[in-house]
Every structure is written in structure tokens, then in C-alpha cells.
Amino acid sequence: MAQPAQDLDALLREAESAIAAADSQQALNEARARFLGKKGSVSAVLRGIGGLDGEARARVGKDVNRVKGAIEAAVTARREGLASSARDRDLAEHRLDVTLPASAPRAGRLHPVSRMEAELCRYFQQLGYDVEDGPEVETDHNNFGALNFPEDHPARDLQDTFFVEGGHVLRTHTSNVQIRAMTGKQPPFRFIAPGRVFRHDLDATHFPMFHQMEAVCVGESVSFADLKGSLCGFARYLFGDDVKMRFRAHYFPFTEPSAEMDVWWQGRWLEIMGSGMIHPRVLANCGIDPERWQGFAFGFSIDRPAMIRFGVPNIRQLFEGDVRILEQL
Ligand code: DAH
């Protein structure tokens, strides 16, 4: 019969090297089972001592317990070793230097045109104007017909219209909201209508999509003097109290009389808006009695004052969405 004590020491060395070789908790569990499990080698030695005499059985029993304890201790030590090296690896991989300066978050902000639009809305709301809205795809009637553009009149082409299927157009101006907002409304009222408009046009100051604001005021005794006063006040608000301005007689189908307004800006006259007394036929087209009510209207680009305010020389820079440029505005 083999010497159990020698067997046990060999077993212990075998177990220790298996435990040392285990490179994961899973491998370690398997190594432990191989020696200490029910079908493990140490259990087999234990089963074998039944045939020994009393003294030998006690000696070998003690030896088995010593070896079992040693293997158990080696397993525990290895288990801790594996856990801490996994932790070390984790820490090394996700090293965090809390003394580094934080990077500043990149905050979003409103587009210059949105800011200008919001500011102009506030200006007119303080004067008692409501804010009205209208669609960008519009009927020919609301964009032209009801605004007194004659059928087949070249004025429709003058505005470089984008035509859409089904007889619709991309609105060429925010004046379409005059028709939408005035129809079914009883004067007196005043409102503005900001929004996108579209025309076939492209150079340093024109873009196929741009922004306008329309202003309308209708009442019982609204006069051209009221229009002039409103425009002068608005130009002073935009360009400063001592801005030089002038009115030029002009033609719009939807106003009579009509005028364009210029301001003296950086050494030249800059046209900033169209205006006039709302044509009686336009009022009538909206169900408003022109014998009783009169009103003025004006319309202007929101982009132009935004370009001046934010120092943008080319209108494309407003709309191409280049973050490097927008961040400087
Ligand atoms: N709709 C005109 C345009 O886009 C601007 C305009 C002129 C609006 C006179 C008005 C107005 O309300 O009275 O060129």
C-alpha cells in the first residue's frame, strides 16, 4: 500500500501549483473541486483510510485535515489575489485625474435671426401688436390674388416665385398673413407676422430663403401720419435716435399710397422697408368695410438688421449653418 503521508504531500504540491496557475475565479473553482470536491483527490484519500489500523488512521486523518486546510488557505489567498488584480486592471484602465481642469461645456444658443426676431416681436408687442402666424406653402389667392395682384400681372413674376404643385406657391412675403389674419376679424386691431419667405434670388445680400416681418394696423381713423410716425419710431429703435431717414413714393398692389423707407447707413441710403395704406380692395377681400375702416401695413427683412447688429457681411453666413461662424456671432 502506498504511503498516504507521501501521497498527501505530493497532492498538496500539485494542488498549490494548480491553484497558482488558475487565472480566473472560474478556473480557481475548478481547481478547488478537483482536490477538495466530493470526487476530489483529497476525498479519495479520506475514503481509503477505512482499512488502516487505529493509530495509522488517526495519523493519516490528521494529515488529511492539515492538507485540506492548506489547500483551502491557498484557494482563499489566490481568490483575493485574483480579485485585487482585476480591481487594479480596472483602475488602471479607467484612470481619472481629478486635478485636471474641467472642460467648459459647449452651450447652445439662439441663432442671430431668432434673436433679432424675438427682439422685434418684443418691440411691437410693447406697442400693443399681436403676433400672427401663417404657412410657408400658400395659395395663390392669399399670396397674390387677395392682395390685389392682378391675374397675369408681371408683379407675380417680379417676386421670383417658387411654384409648388397644385397651384400653390412658397410664400414670397409675409403679406399673406394680412389676408389670413384679417379675414373674419373685426377692427380695430394691430398685429405683426414674422416668418420665412422664399424667392429665386442669390447674391451677397439675397438668399432664396429669408425672413420678413409684416406689421398691420387697422382702425377707424388710422392715417398715413400714423404710418410715418410708426416707421420713424421703429427706425430710431433699430438704428439709433439720430438716424437719417427718407420716404420714397413706391408701388405695391396691396397699398395705396405706398412708400419705401431708406435709412442713411455707412455712407449710403439703405432701403429697409415697404409700406403704405392698405388698399381698400384688400380690406374688402377680407370682409372689412373700407368705407368705415382704414389701416396701414409695412413689411421688412429681419435678416438685414440681424446682419447689421451681428456684423455679418454676407447673408449666406447666416444660413449655411457653419458652427465656426455662428459661434462668433
Ligand atoms: N410684401 C412686400 C415685399 O415683400 C413688403 C411690403 C410692402 C409689405 C408694403 C407691406 C407693405 O405690408 O405695406 O416686398
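The set of residues in the stretch 223-254 that are in contact with a strand residue (DSSP E or B) (Cβ under 6 Å, 6 or more places away or on another chain), within 30 Å of GLU151 (Cα to Cα) and more than 13 Å from the ligand (Cβ to nearest atom) is empty. Against the condition in contact (Cβ under 8 Å) with a residue 40 or more places away in the chain, surrounded by 11 or more Cβ atoms within 10 Å (Cβ to Cβ), among the basic types (Lys, Arg) and over 30 Å from ARG324 (Cα atoms), how does ARG34 come out, does it pass? So ARG34 does not fit the description; no.
Applying the selection to the stretch 163-184, what residues are surrounded by 13 or more Cβ atoms within 10 Å (Cβ to Cβ) and touching a residue at least 40 places away in the same chain (Cβ under 8 Å)? Those that are surrounded by 13 or more Cβ atoms within 10 Å (Cβ to Cβ) and touching a residue at least 40 places away in the same chain (Cβ under 8 Å): HIS173, THR174, SER175, ASN176, VAL177, GLN178, ILE179, ARG180, ALA181, MET182, THR183.
All conditions but one from (1) modelled with pLDDT of 95 or more; (2) surrounded by 15 or more Cβ atoms within 10 Å (Cβ to Cβ) apply to CYS232; the one that does not is (2). The condition of being in contact with a strand residue (DSSP E or B) (Cβ under 6 Å, 6 or more places away or on another chain), away from the ligand (no atom under 12 Å from the Cβ), open to solvent by less than 60 Å² (accessible area, probe 1.4 Å) and under 23 Å from GLU320 (Cα atoms) does not hold for PRO187. Restricting the stretch 286-329 to residues that are of a type in the set (S, T, N, Q) and assigned to a loop (DSSP other than H, G, I, E, B), the residue that is surrounded by the fewest Cβ atoms within 10 Å (Cβ to Cβ) is GLN328. Kindly indicate which of HIS200, HIS211 is in contact (Cβ under 8 Å) with a residue 12 or more places away in the chain, away from the ligand (no atom under 11 Å from the Cβ) and assigned to a loop (DSSP other than H, G, I, E, B). That would be HIS200, the only listed residue that is in contact (Cβ under 8 Å) with a residue 12 or more places away in the chain, away from the ligand (no atom under 11 Å from the Cβ) and assigned to a loop (DSSP other than H, G, I, E, B).
Name the helices (runs of 4 or more DSSP H) wholly inside the stretch 52-169 in which the number of residues that are within 30 Å of CYS286 (Cβ to Cβ) is 2 or more.
In the stretch 52-169, the matching helices (runs of 4 or more DSSP H) lie at 112-126, 140-143, 155-158.
In the set (1) within 13 Å of the ligand (Cβ to nearest atom); (2) under 17 Å from PHE298 (Cα atoms); (3) at pLDDT 95 or above, ASP133 fails one condition alone, (1). Considering the conditions (1) modelled with pLDDT of 90 or more; (2) farther than 30 Å from VAL312 by Cα; (3) out of contact with any helix residue (DSSP H, G or I) (no Cβ under 6 Å at 6 or more places or on another chain), ARG122 is excluded by exactly one of them, (2).
The values are calculated or read from the model by the stated rules, or taken from the named source; none is laboratory data. The shown structure was predicted, so the numbers you read here are calculated from the model rather than taken from an experiment. Don't worry about glycine lacking a Cβ; one is built from the backbone with ideal geometry, like all the others, and counts go over all protein chains shown. We work out accessible area using only protein heavy atoms, side chains counted, and drop any ligands, DNA or RNA first. Shrake-Rupley method; radii C 1.70, N 1.55, O 1.52, S 1.80 Å.
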